[in-house]
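See structure below.
The values are calculated or read from the model by the stated rules, or taken from the named source; none is laboratory data. Note that the structure is a prediction, hence the values are computed from the model and not measured. Cβ placement follows ideal geometry from the backbone for every residue including glycine, while neighbour counts extend to all protein chains displayed.
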Amino acid sequence: MIDLKDVTKSYGKGLPAVSHANLHVDKGDFVFVVGSSGSGKSTLIKLLLKELDTTSGHITVNGERLEGMKHRRIAKYRRRLGVVFQDFRLLRDRDVYENVAFAQRVIGKPTRVIKKRVPEVLQEVGLAGKYKSYPDELSGGEQQRVALARALVNRPDILLADEPTGNLDPKTSEEIMKLLDEINQRGTTVLVVTHNREIVNTMKKRVVTMHDGVIVSDEEEGGYHEA
Ligand code: ADP
Ligand code: MG
């Protein structure tokens, strides 16, 4: 599903942000990516989103090689990925329903499909009954649930989350991580970048640790140790 072979990304001079990374993620896997600030985690996510190109090495996702991918194919490729960030990135002038529906409108889904699918996905993230709220009227945890609904509405194969609980309190963080686990159990491959040591240590998932751009460990039922 995701395959990195000897991937290096340099932004310029100095140490590469990602260096000779090898990583294989199978369909249905749940993977935490941990490491101190500046270790290359967000760069890894951006490479997978094809927001950045590799300096060397190869990335294959869903059988597609990312190097040399043309604009139109990139747009299509990204539809198969869902992504959430620390800062939610919701449209502040649209209500919950519209924030989620928008992701279907932009790819031309018919209104009848949207009307059926949006309530379904809001239900999945535990937000039934909040359709008419605006982001400012929601807690951080609820806003991240909206972002997750938007990421999932088009049924992506892979969900990428870059520090999804970075702005949330411990209890809410745990709820969001549990939700990511449920999403994974319903079949979506999930890759979560996080600093949340406690949650990583209790969830007993695969843990990939980065340090200065290098993947220094990759353990099943791993723990959070900074290299
Ligand atoms: P993390 O997400 O683990 O904190 P990043 O992937 O954001 O790490 O950054 C990895 C390294 O790449 C850091 O040294 C950072 O300063 C550098 N970096 C990130 N983005 C850029 C950029 N746009 N231009 C130059 N250097 C960058
Ligand atoms: Mg980062």
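Among the residues of region 129-144, those that are out of contact with any Ser or Thr (no Cβ under 6 Å at 6 or more places or on another chain) and farther than 14 Å from residue 95 by Cβ comprise 139, 140, 144. Checking 167, 196 one by one, the residue that is at pLDDT below 95 and closer than 16 Å to residue 86 by Cα is 196 and no other.
Every listed requirement among (1) surrounded by 21 or more Cβ atoms within 10 Å (Cβ to Cβ); (2) hydroxyl-bearing (Ser, Thr, Tyr); (3) assigned to a helix (DSSP H, G or I) is met by residue 77 save one, (1).
Among the residues of this structure, residue 153 counts as one that is farther than 26 Å from residue 38 by Cα, crowded, with 16+ Cβ neighbours inside 10 Å, of a type in the set (Val, Ile, Thr) and touching a strand residue (DSSP E or B) at 6+ places or on another chain (Cβ under 9 Å). You will find that of 45, 59, 107, the residue that is touching a residue at least 40 places away in the same chain (Cβ under 8 Å), at negative phi and assigned to a loop (DSSP other than H, G, I, E, B) is 107 and no other. Can you name every residue in region 20-61 that is of a type in the set (S, T, N, Q) and within 16 Å of ligand 2 (Cβ to nearest atom)? Those that are of a type in the set (S, T, N, Q) and within 16 Å of ligand 2 (Cβ to nearest atom): 36, 37, 39, 42, 43. Might you let me know whether region 18-34 holds any residue that is within 9 Å of ligand 1 (Cβ to nearest atom), in a loop (DSSP other than H, G, I, E, B) and either of a type in the set (Val, Ile, Thr) or touching a residue at least 24 places away in the same chain (Cβ under 8 Å) (or both)? Looking for residues that are within 9 Å of ligand 1 (Cβ to nearest atom), in a loop (DSSP other than H, G, I, E, B) and either of a type in the set (Val, Ile, Thr) or touching a residue at least 24 places away in the same chain (Cβ under 8 Å) (or both), one finds none in region 18-34, hence no.
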